[in-house]
């Protein structure tokens, strides 16, 4: 009996694991605007994991775009990534189950813009004793959505051909980044038009 294998992308798998944690969180905290300021240890963990992974993925994406890239921080990532992918500030992530539409990189549309969730991630990472309330649902949702977008761009070819598996359960791309197709492909998984 043979075993067939296909290359599984580690950053995709990590995103799917974080998304699973987010879905589990939804059993205890309703993803509703009245709860966006709710903060907790579990929400902090999701935010910190997403922010740290987004940092790694942004750096890799910069290196993929330019092998000589020396981008090391959010401002340098913004300059290099948006030069190639101008639509990122407008990229919408949907969480249809809760009626949410997120634009986690919207601040990148402004000169020197830094996402609010990114600032929260750094404040919690370095000053948790004073900034713990920033570990809130709104920031965590946007951090996971921000990571989702960057992972899609890192694995753009696979995303466009539906080869990123397993499929995400909560996160979807909007029609504007989908060519009007259903967010889920048929047998091949999710097809992302980015």
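Where is the GNM fluctuation largest for the chain (alpha-carbon springs, 10 angstrom cutoff): 39, 85, 31? Ranking 39, 85, 31 by mean-square fluctuation puts 85 first. Compactness check for segment 10-177: Cα Rg over 2.2 N^0.38 Å is 0.98. Panel order for 158, 125, by other beta carbons found within 10 Å of each beta carbon, from fewest to most: 125, 158. Considering only alpha-carbon pairs that sit under 8 angstrom and 6 or more positions apart, the relative contact order computed for the chain is 27 percent. The residues 144, 114, 57, when put in order of fewest to most other Cβ atoms within 10 Å, stand as 114, 57, 144.
For the residues 41, 74, 88, a GNM of the chain with alpha-carbon springs under 10 Å puts the largest fluctuation on 41. Of 45, 128, 24, the residue with the greatest mean-square motion in the GNM of the chain, using alpha carbon springs below 10 Å, is 24.
Taking neighbour Cβ counts within 10 Å as the exposure measure, how do 11, 126 sort from fewest upward?
Numbers: 11 18, 126 10.
The most exposed by this proxy come first: 126, 11.
Bear in mind that the values in this text are calculations on the coordinates, not laboratory data. Values in this document were obtained by computation on a predicted structure and should not be read as measured data. Virtual Cβ from ideal backbone geometry, glycine too; neighbours counted across all protein chains shown.
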